[in-house]
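Asks: Input: one structure, supplied below.
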Amino acid sequence: MKKICKFVKTDTVLVVSIVLAVISMLAVKPDRQYLTYIDFRTLAILFCLMTIVAVFRQEGIFDFIADKVLNKVRNTSSIVLVLVLLCFFMSMIITNDVALITFVPLAIIILNKTEECVREKWILNCVAMQTVAANLGSMLTPIGNPQNLFLYGKLNSESANTGVLGFVKLMLLYSIVSLILLIVWVAALKIILEKRSDNRNEKNQYDTGNIRKVYGKTLKNVNKAYLINYSALFLISILAVAHKVHYIIPLILVLLYSVIRNRKVLTKVDYSLLATFVALFVFIGNVGRIPFFSHALMRIIGGRETITAIIASQVISNVPAAILLAGFTDNISALIVGTNIGGLGTLIASMASLISFKYISRDKPDLKKKYFITFTISNIVFLIILVVLYYLSL
């Protein structure tokens, strides 16, 4: 019973998705049409990217990058800015959740070495803003997060002229504004903490020379051919995202190479996310075959795709919101904007945000409530600004 409760608590979205799928199956009995519900392309590419990124993380590539960058700075505010920007830019390539899994623990380790009088504020605000940065940076590319990968496939199927650059152009303004806001936030935090500190000569100092000793990983013992091969597989997967090669090609190559070279990496894939997608595909496919519900959802969503996606994301998270709403509207561009902005706000608006919360709960349990407040306030501020930007850009 305890294991069941733990599973439900850990994979709540998956459990809810399965329950919804099962309920919908009572209304629409399983038949051959069920196979048409599932977007195998999205699942295959997502699997490939998660496997490849798991290899890069396992080999310490991201730790190495962080180590090199952080050794260039010497004060706490600069370190915080680097940690936040690492999440922002790396999430565009390795997804928001992997960016947080990689850089949030690094932030906690490093900031534990700052002065006690400012340590708590630095850690709370840095991790909260790393989370915001990862969710905002990931919105710029089709591979930044799962819902982008799914919606990009829908967007590209609607128009042969819509490519990766078109996607980037759609989200570029929001990304630029977000980057400026993140930099301003770090500068403002520095000023605030300076005023609260009694000793301005010591409060903001940190010796970065020992970062590698406590966390980083060199690349001296890494098999270069191994990394080159996975890098090639990554490029092939990107070509599949851009519809330049069939998604079956990277899927077969990644599977075969992983089985031959490193089977353990296949255990690092987030299969619960893939299962969540499948369950949601079944649920939404069945709902679409129930006239009453499909017509009602179309009336609600029609002409209000972006704001509906933002609101829905606050309650069910942006990935399920993207899959749900995409089944009842053709305005995929509006959903892309809505589900990406909607990743801000509540703790569950983006499931990646729970990763940071878990790290704080584990390493700093006494700061859990304060972190939740800091996280919520910062997310609401960013959400309001980007929603205003959306309406100004109409």
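Asks: Any idea how many residues of segment 104-134 are open to solvent by less than 10 Å² (accessible area, probe 1.4 Å) and within 19 Å of the chain's Cα centre (by Cα)?
Replies: 12
Asks: Restricting segment 261-308 to residues that are of a type in the set (Phe, Trp, Tyr), within 13 Å of Ser24 (Cβ to Cβ) and touching a residue at least 60 places away in the same chain (Cβ under 8 Å), which is most open to solvent (accessible area, probe 1.4 Å)?
Replies: Across segment 261-308, the extreme among qualifying residues is Phe283.
Asks: Against the conditions (1) buried (at least 20 other Cβ atoms within 10 Å of the Cβ); (2) over 22 Å from Gly343 (Cβ atoms), where does Leu86 fall short? Just the number, please.
Replies: (2)
Asks: Would you check if Asp270 is acidic (Asp, Glu) and over 20 Å from Ser17 (Cβ atoms)? Before you say what the answer is, go through the steps one by one.
Replies: Details: acidic (Asp, Glu): yes; over 20 Å from Ser17 (Cβ atoms): no.
No; evaluated as a whole, the condition is false for this residue.
Residue-by-condition table, conditions (1) at pLDDT 90 or above; (2) within 27 Å of the chain's Cα centre (by Cα); (3) of a type in the set (Lys, Arg):
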| position | (1), (2), (3) |
| --- | --- |
| Lys2 | no, no, yes |
| Ser17 | no, yes, no |
| Val28 | yes, no, no |
| Phe40 | yes, yes, no |
| Ala44 | yes, yes, no |
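Asks: Take the conditions closer than 28 Å to Leu255 by Cβ, assigned to a helix (DSSP H, G or I), open to solvent by 40 Å² or more (accessible area, probe 1.4 Å) and at pLDDT 85 or above and apply them to Leu35. Does it pass?
Replies: Considered against the rule, which asks whether it is closer than 28 Å to Leu255 by Cβ, assigned to a helix (DSSP H, G or I), open to solvent by 40 Å² or more (accessible area, probe 1.4 Å) and at pLDDT 85 or above, Leu35 comes out as yes.
Asks: Kindly provide the set of residues from segment 249-260 that are open to solvent by 60 Å² or more (accessible area, probe 1.4 Å) and touching a helix residue (DSSP H, G or I) at 6+ places or on another chain (Cβ under 9 Å), ordered by number.
Replies: Selection gives Ile249, Leu253, Leu255, Val259.
Asks: Looking for something of a type in the set (Ser, Thr, Tyr) and more than 23 Å from the chain's Cα centre (by Cα) - is there at least one such residue anywhere in segment 328-347? Steps first, please.
Replies: Residues of segment 328-347 of a type in the set (Ser, Thr, Tyr): 329, 333, 339, 346.
Narrowing further to those that are more than 23 Å from the chain's Cα centre (by Cα): 329.
Yes, the conditions are met somewhere in segment 328-347.
Asks: Are there any helices (runs of 4 or more DSSP H) wholly within segment 238-348 with 1 or more residues that are aromatic (Phe, Trp, Tyr), and if so which?
Replies: Values: elements: 248-261, 271-287, 291-301, 305-316, 318-326, 332-341.
Of the helices (runs of 4 or more DSSP H) lying wholly inside segment 238-348, those with at least 1 residues that are aromatic (Phe, Trp, Tyr) span 248-261, 271-287, 291-301.
Asks: Keeping to segment 83-93, report how many residues are under 13 Å from the mean Cα position of the chain (by Cα) and either at pLDDT below 90 or closer than 21 Å to Ile380 by Cα (or both).
Replies: Initial filter on segment 83-93 (under 13 Å from the mean Cα position of the chain (by Cα)): 87-93.
Going one step further and asking which of them are either at pLDDT below 90 or closer than 21 Å to Ile380 by Cα (or both), we end up with 87-88, 91.
Number satisfying all stated conditions: 3.
Asks: In segment 309-331, what residues are surrounded by fewer than 24 Cβ atoms within 10 Å (Cβ to Cβ) and either more than 15 Å from Ser294 (Cβ to Cβ) or at pLDDT 90 or above (or both)? Show your work before the answer.
Replies: Going through segment 309-331, the residues surrounded by fewer than 24 Cβ atoms within 10 Å (Cβ to Cβ) turn out to be 311-312, 314-316, 324, 327-331.
Residues satisfying the conditions are Ile311, Ala312, Gln314, Val315, Ile316, Asn331.
Asks: On the given criteria, is Leu70 in contact (Cβ under 8 Å) with a residue 60 or more places away in the chain and open to solvent by 30 Å² or more (accessible area, probe 1.4 Å)?
Replies: Values: in contact (Cβ under 8 Å) with a residue 60 or more places away in the chain: yes; open to solvent by 30 Å² or more (accessible area, probe 1.4 Å): no.
For Leu70, the condition - in contact (Cβ under 8 Å) with a residue 60 or more places away in the chain and open to solvent by 30 Å² or more (accessible area, probe 1.4 Å) - is not met.
Asks: Okay, next question. In segment 220-239, which residue that is of a type in the set (A, V, I, L, M, F, W, C) and under 29 Å from Asp11 (Cα atoms) is most open to solvent (accessible area, probe 1.4 Å)? I'd like the intermediate steps shown before the answer.
Replies: Initial filter on segment 220-239 (of a type in the set (A, V, I, L, M, F, W, C)): 222, 225, 227-228, 232-236, 238-239.
Right, trim to under 29 Å from Asp11 (Cα atoms) and you get 234, 238.
Working: Phe234: 33, Ile238: 53 Å².
Filtering segment 220-239 for residues that are of a type in the set (A, V, I, L, M, F, W, C) and under 29 Å from Asp11 (Cα atoms), the one most open to solvent (accessible area, probe 1.4 Å) comes out as Ile238.
The values are calculated or read from the model by the stated rules, or taken from the named source; none is laboratory data. Source: prediction; values computed, not measured. Note that each Cβ is placed from the backbone with ideal geometry, even for glycine, and that neighbours are counted across all protein chains shown. For accessibility, only protein heavy atoms count, side chains too; no ligands or nucleic acids. Shrake-Rupley method; radii C 1.70, N 1.55, O 1.52, S 1.80 Å.
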